[in-house]
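Okay, so here's the structure we're looking at.
The values are calculated or read from the model by the stated rules, or taken from the named source; none is laboratory data. Everything quoted here is computed from the prediction, not taken from an experiment. Positions of Cβ are backbone-derived with ideal geometry, glycine not excepted, and every protein chain shown enters the neighbour counts.
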Amino acid sequence: MSDNNPAAGSTSAGDPPAAYDRPTDEQILSFERKIKEPESQAQLVGPLTSFDNLIAEYANGNPAILAKLHALSTSYCGLRATRRDGNCFYRAIAFRLCELLASRRGTPWADAVVLRLGPECREVAKEAGYNMDLMGDFADCWEDAVRDGDVEGAMADSVVCWLRIVTAAVLKKNSDLFEAFILDSYPTLELFIGSQVEPMNVEADQPHIVAIATALGVTIRIGNLDSSSTAEGAMNWHEIDPLEPLAVTSKVDTDGPDPVVELLYRPGHYDIVYKQAA
Amino acid sequence: MQRRPAASTALKRLMTEYKELTTNPPDGIHAGPVSEEDFFTWEALISGPDDTPYEGGVFEATITFPKDYPLSPPVMKFTSPMFHPNVYSDGTVCISILHPPGDDPHQYEHASERWSPVQSVEKILLSVVSMLAEPNDESGANIEACKMWREDRARFEEIVRANTLKSLGL
């Protein structure tokens, strides 16, 4: 075992006082940071690239995954890789939604989403018991980014923080529904939220996806890049609609279908994918 | 494009928390910045909870906030003598609410309360009061205190009472 390994020499609380060689919290955490360093320098949201790198990555890997990537690349033009820091899901949604809203500015869809993700989200958070004197700054960061079409601003940790809070608020508001999925693994919904939603750097799972789609009023489509075999190697897509649909008024046919946020999922990670222009 | 630097978000948040703590102080807790010039270093005074060997004592601690507070948690360190299973011998407090999930030197319980931006100085201090009343010997920071708390409670309480008197300058 390497000398750097904090596990070496670790001891349990039951050992005699002579065993004082347990590394300090700080030593353990700095070791962890060192391991995670390459990832912590990756871009929060990278440039739009083709699927070539991903295809190369799986070239000698699972044939089912490779088939799905080839199928994906016929109708999608590429992806933006996100940093693997446990915030990728929230960051990907913030970035892509900010982009979509900027490209559809002034449409009934965009107006309805802006209403939902701004004042309505604040209201849901307040009703869920969040102290808006303490949380309002984070909401400001998100709303400012959306208003200015500022995708850089939408990548900020403070936006991730706010989206976690609105996700948690929707879970609380619909506790009857979500408890059915959560109580198998957690004693209470509160504990699930306090350990799996509110803290930064914790990955998102199915309940989070439904909750954030509801909070923002946006459909989220997730392509599952797993190793299961499918007919003609097609990707499995999961489409998650908001529990309460968006109230889009005066919709005109020329607007086309409402935009959706599309993500590519591999275990523990979400990247943003882009459809080819029709 | 205007973007607030993280430190100003942190400063604003700390000023809001300070204001709330002074208008609505929880029992037995006082906390605030050491000086007007430095809102990132606070001093806290915690009264030892009743029916514990800490009862009657007033314990001083410093709380140091990172520039990206509240995304990252502060560090709390007792400056009064503090003999407790969850306090390192240098005074640093080690409880789950001060650690985000993942920062897991003690492998806290899966579902214990963790640091997140919805926590606050007040919640930390209330957790510390609970910690004084109910040590958690599953995730010990001071091994000697842990062992003594479990195996020789009388001796443990004797040391704590002596510290309690010292905290009052007696």
From the list A:N53, A:N60, which residue is of a type outside the set (D, E), outside any helix (DSSP H, G or I) and modelled with pLDDT under 95? A:N60
Consider the stretch A:97-115. How many of its residues are touching a Gly at 6+ places or on another chain (Cβ under 9 Å) and assigned to a loop (DSSP other than H, G, I, E, B)? 1
Do we have A:E203 as crowded, with 21+ Cβ neighbours inside 10 Å, in contact (Cβ under 8 Å) with a residue 12 or more places away in the chain and within 11 Å of chain B (Cβ to nearest Cβ) here? no
Every residue in the stretch B:25-36 that is farther than 21 Å from B:G56 by Cα and at pLDDT 90 or above, please. B:G32, B:P33, B:V34, B:S35
Hits in the stretch A:107-131 - residues which are under 25 Å from B:S120 (Cβ atoms) and of a type in the set (F, W, Y): A:Y130
Taking B:D137 as meeting all but one of (1) closer than 26 Å to A:D157 by Cβ; (2) modelled with pLDDT under 95, write down the number of the exception. (1)
Taking the conditions exactly as written (within 30 Å of B:Y18 (Cβ to Cβ) and either among the basic types (K, R) or outside any helix (DSSP H, G or I) (or both)), does A:V202 satisfy them or not? yes
Hey, A:E190 hits all of (1) part of a loop (DSSP other than H, G, I, E, B); (2) surrounded by fewer than 19 Cβ atoms within 10 Å (Cβ to Cβ) but one; which does it fall short on? (1)
Regarding A:L29, is this residue closer than 30 Å to B:D137 by Cα and at pLDDT 70 or above? yes
Against the definition (touching a residue at least 40 places away in the same chain (Cβ under 8 Å), in a helix (DSSP H, G or I) and in contact with a Cys (Cβ under 6 Å, 6 or more places away or on another chain)), how does A:V159 come out, yes or no? yes
Name every residue in the stretch B:140-164 that is without any contact (Cβ under 8 Å) to a residue 40 or more places away in the chain and hydrophobic (A, V, I, L, M, F, W, C), in order of residue number. B:I143, B:M148, B:A154, B:A162
How about the stretch B:91-118: which of its residues are more than 7 Å from chain A (Cβ to nearest Cβ) and modelled with pLDDT under 95? B:I95, B:S96, B:I97, B:L98, B:H99, B:D104, B:H106, B:Q107, B:Y108, B:E109, B:H110, B:S112
Which condition breaks for A:E120 when tested against (1) assigned to a helix (DSSP H, G or I); (2) over 27 Å from A:L48 (Cα atoms); (3) within 13 Å of chain B (Cβ to nearest Cβ)? (3)
Residue tally, condition surrounded by fewer than 16 Cβ atoms within 10 Å (Cβ to Cβ) and either among the hydroxyl-bearing types (S, T, Y) or touching a residue at least 40 places away in the same chain (Cβ under 8 Å) (or both), over the stretch A:122-150: 3
Against the conditions (1) small (G, A, S); (2) within 14 Å of chain B (Cβ to nearest Cβ); (3) over 19 Å from A:I212 (Cβ atoms), where does A:G86 fall short? Just the number, please. (3)
Scanning the stretch A:160-187 for residues that are of a type in the set (F, W, Y) and more than 12 Å from chain B (Cβ to nearest Cβ), the one surrounded by the most Cβ atoms within 10 Å (Cβ to Cβ) turns out to be A:F178
Selection from the stretch B:114-170 of residues more than 30 Å from A:I165 (Cα to Cα) and of a type in the set (V, I, T) yields B:I143, B:I159, B:V160, B:T164
Please work out if A:E190 is over 30 Å from A:G78 (Cβ atoms), more than 9 Å from chain B (Cβ to nearest Cβ) and of a type in the set (D, E, K, R). yes
Filter result for A:S40 (modelled with pLDDT of 75 or more and within 14 Å of chain B (Cβ to nearest Cβ)): no
